[in-house]
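Participant: Pasting a structure below so you can have a look.
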Amino acid sequence: MKKILFHFTLVFLAAAGFSCAGDLDRFSRYSIPPEAVTEADLPAMRMGVYSSFQSGGPGVRSYIMFDILGGNIRGNSGTSKDQINSMLSSLNSYQNTSWAGYFYILYQVNNLIKAAEKYPGSSEATLALGESHYFRAYLYYCMVTRWGDMPILRENTQENVPRDPAEQVWNFIEEELELALDLLGSSKSYYYVSHDAAVALMARVKLSRGKKTEAAELAESLIADARYDLDDFDKIFRAKSNKELIFAFSCLTEDGSSIKISNQFYSYNHPNKGSYNYRPAGDVMTMYADNDLRKEVSITTLDNLNFVNKYPSGQTGSDPVVISRLAEMYLISAEAQGLNGGLDRLNELREKRGLDRVSPGNEADFLDAVLQERRLEFLAEGFRWYDLVRTGKATQTLGTKDYQCLMPLPSRELLYNPNLKPNNPGY
């Protein structure tokens, strides 16, 4: 822990266009202690956080890892279970890269909070704090859903800290989102964190914790907002203006983004080319009905090779990474309300996607219908594995062991910080 968290200098980045095209002059990397930051430096520090999510951070695979583990996409060798066993190893490079990347960004966020707190009442500081508390909640959501117990760092430290229980981490996430909700307002585009982005993430968190009434209320508040509507997949995933996105990372190549998800999915026989590290699982290629309006944008076939098609740039560029959109709110509301209250929301989404209504006969069948709709809707958006984990269906669906509902802590981190031990059970 200590080496990964603290061998970085106090760095922040600023680059025009990382979610704010043209708003700031381009700055180079430089080091500065938080106490030396002026109010005029806060915009650059804010952009540094956006930049880190889009230019490395936990790595491109972090955005699709739950699809890899959840059986939606697979590599070009071995079985799906081989893939899971390989990924869920303390020695796997993904575990090291993602852990280090999340804590690197957390380090920046904590510095930004410390700097912004020096300027109470400043509109720029208020925005910086609101975004920072959102990002801290999002980071910890990513970490607790992977590793469970995690060290809660409200400020940076040189100490070898132990892990806090997962329940405390979930409480911390909600506390951070409450702070964000108090500080954030509307944003000028969905490439900026906003009050609505915090509402959407809170709805996800509430559902994950089984707080279904609150989850439904939060989701419904966004569904009822006239600024949002279910929109065409082509608009959502082809960087066109739309009413569905609530928050996304813009990931503009010209601004330095290295999150090129599409490069993972296309091959050199595709016009935009790619490395073809992952392909859709066989049942993914057959799960979309011909009249499903999501099908063409979600998957495609060329020269007998199957591709995930949501991220169209290949090696030629990068595509927005969606964090929250309205379809998730429909499915959160549906799942949270259950069969009697949520069926209409499920069917409203299905009808928008060109499908017929469904009529599950009981709560168990209804939950299965919602999870299947989430699989169709959110292919390659980073939901599937944790959807199965949080609903208790992972071992049955994936054929994994019970302990594989959590990821292992990286062996390197356990070596650097013995206070993180023991590793998650089974590893």
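The values are calculated or read from the model by the stated rules, or taken from the named source; none is laboratory data. Only a predicted model underlies this, so the values are computations on that prediction, with no experimental measurement involved. Backbone-built Cβ (ideal geometry, glycine too); neighbour counts: all protein chains shown. These accessible areas exclude ligands, DNA and RNA; they are computed on the full protein's heavy atoms, side chains included. Shrake-Rupley method; radii C 1.70, N 1.55, O 1.52, S 1.80 Å.
Participant: Just to be sure before I move on: is ASN291 touching a residue at least 12 places away in the same chain (Cβ under 8 Å) and open to solvent by 60 Å² or more (accessible area, probe 1.4 Å) in the structure I sent?
Facilitator: Numbers: touching a residue at least 12 places away in the same chain (Cβ under 8 Å): yes; open to solvent by 60 Å² or more (accessible area, probe 1.4 Å): yes.
So ASN291 passes the test.
Participant: Select, from GLY130, GLY75, the only residue that is in contact (Cβ under 8 Å) with a residue 40 or more places away in the chain and within 25 Å of GLU174 (Cα to Cα). Spell out the reasoning first.
Facilitator: Numbers: GLY75 fails: within 25 Å of GLU174 (Cα to Cα).
It is GLY130.
Participant: Okay, next question. Given the structure, is GLY121 part of a loop (DSSP other than H, G, I, E, B), over 26 Å from LEU69 (Cβ atoms) and either touching a Pro at 6+ places or on another chain (Cβ under 9 Å) or of a type outside the set (S, T, N, Q) (or both)? Talk me through it step by step, then tell me what you get.
Facilitator: On the way: part of a loop (DSSP other than H, G, I, E, B): yes; over 26 Å from LEU69 (Cβ atoms): yes; either touching a Pro at 6+ places or on another chain (Cβ under 9 Å) or of a type outside the set (S, T, N, Q) (or both): yes.
Taking the combined requirement at face value, the residue satisfies it.
Participant: On to the next question. Quick one: LEU230 ticks every box in (1) of a type in the set (A, V, I, L, M, F, W, C); (2) closer than 30 Å to GLU124 by Cβ; (3) open to solvent by 10 Å² or more (accessible area, probe 1.4 Å); (4) in contact with a Lys or Arg (Cβ under 7 Å, 6 or more places away or on another chain) bar one, so which box is it?
Facilitator: (2)
Participant: Being at pLDDT 95 or above and touching a Gly at 6+ places or on another chain (Cβ under 9 Å) narrows it down to one residue among ALA369, ALA380, ALA336; which is it?
Facilitator: Details: ALA369 fails: touching a Gly at 6+ places or on another chain (Cβ under 9 Å); ALA380 fails: touching a Gly at 6+ places or on another chain (Cβ under 9 Å).
From the options ALA369, ALA380, ALA336, the qualifying one is ALA336.
Participant: Mind listing whichever residues of the range 292-351 are touching a Phe, Trp or Tyr at 6+ places or on another chain (Cβ under 6 Å) and within 23 Å of GLU217 (Cβ to Cβ)? Even if it seems obvious, please write down each step before you answer.
Facilitator: Taking the range 292-351 first, the residues touching a Phe, Trp or Tyr at 6+ places or on another chain (Cβ under 6 Å) are 294-295, 297, 300, 307-308, 310, 314, 319, 321, 323-324, 326, 339, 345, 349.
Passing the criteria: ILE323, SER324, LEU326, LEU339, ARG345, LEU349.
Participant: Does GLN337 count as over 30 Å from THR213 (Cα atoms) and either of a type outside the set (D, E, K, R) or assigned to a helix (DSSP H, G or I) (or both)?
Facilitator: Values: over 30 Å from THR213 (Cα atoms): no; either of a type outside the set (D, E, K, R) or assigned to a helix (DSSP H, G or I) (or both): yes.
Criteria not met by GLN337.
Participant: Still on this model: Of the residues LEU331, LEU367, which single one is in contact with a Leu (Cβ under 8 Å, 6 or more places away or on another chain) and under 27 Å from LEU201 (Cβ atoms)?
Facilitator: On the way: LEU367 fails: in contact with a Leu (Cβ under 8 Å, 6 or more places away or on another chain).
Testing whether each residue is in contact with a Leu (Cβ under 8 Å, 6 or more places away or on another chain) and under 27 Å from LEU201 (Cβ atoms) leaves just LEU331.
Participant: Given the criterion under 22 Å from ASP387 (Cβ atoms), assigned to a helix (DSSP H, G or I) and open to solvent by 20 Å² or more (accessible area, probe 1.4 Å), identify the matching residue among SER98, SER86.
Facilitator: Working: SER98 fails: open to solvent by 20 Å² or more (accessible area, probe 1.4 Å).
On inspection, the qualifying residue turns out to be SER86.
Participant: Looking only at residues that are among the acidic types (Asp, Glu) and more than 23 Å from GLY148 (Cβ to Cβ) in the range 175-198, which one is surrounded by the fewest Cβ atoms within 10 Å (Cβ to Cβ)?
Facilitator: Of everything passing the filter in the range 175-198, ASP182 is surrounded by the fewest Cβ atoms within 10 Å (Cβ to Cβ).
Participant: Report whether or not SER262 is at negative phi and open to solvent by 30 Å² or more (accessible area, probe 1.4 Å).
Facilitator: Values: at negative phi: yes; open to solvent by 30 Å² or more (accessible area, probe 1.4 Å): no.
So SER262 does not fit the description; no.
Participant: Pairs, please: C-beta under 8 Å, at least 6 apart or cross-chain, first residue over 21 Å from MET202 (Cβ atoms) and hydrophobic (A, V, I, L, M, F, W, C) and in the range 139-167, second open to solvent by 30 Å² or more (accessible area, probe 1.4 Å) and at pLDDT 95 or above?
Facilitator: Taking only residues 6 or more apart or on different chains, the pairs are TRP147/LEU406; VAL161/ASN419.
Participant: Taking the range 308-326, which residues are open to solvent by less than 10 Å² (accessible area, probe 1.4 Å), out of contact with any Lys or Arg (no Cβ under 7 Å at 6 or more places or on another chain) and part of a helix (DSSP H, G or I)?
Facilitator: Hit for the range 308-326 is LEU326, nothing else.
Participant: Another question, then. Can SER55 be described as open to solvent by 40 Å² or more (accessible area, probe 1.4 Å) and modelled with pLDDT under 95? Steps first, please.
Facilitator: Working: open to solvent by 40 Å² or more (accessible area, probe 1.4 Å): yes; modelled with pLDDT under 95: yes.
Considered against the rule, which asks whether it is open to solvent by 40 Å² or more (accessible area, probe 1.4 Å) and modelled with pLDDT under 95, SER55 comes out as yes.
Participant: Filter the range 260-307 down to residues that are assigned to a strand (DSSP E or B) and touching a Gly at 6+ places or on another chain (Cβ under 9 Å), then give me how many there are. Can you show your working first?
Facilitator: Quick first cut of the range 260-307, residues assigned to a strand (DSSP E or B) only: 279-280, 299-302, 305-307.
The next check asks that each one be touching a Gly at 6+ places or on another chain (Cβ under 9 Å); those that pass are 279, 306-307.
The total comes to 3.
Participant: Okay, next question. For residues in the range 199-227 being within 18 Å of SER189 (Cβ to Cβ) and more than 20 Å from the chain's Cα centre (by Cα), which is surrounded by the most Cβ atoms within 10 Å (Cβ to Cβ)? I'd like the intermediate steps shown before the answer.
Facilitator: To start, the set of residues in the range 199-227 that are within 18 Å of SER189 (Cβ to Cβ) comprises 199-201, 222, 225-227.
Then keep just the ones that are more than 20 Å from the chain's Cα centre (by Cα); that gives 225-227.
Values: ASP225: 15, ALA226: 6, ARG227: 10.
Here the answer is ASP225.
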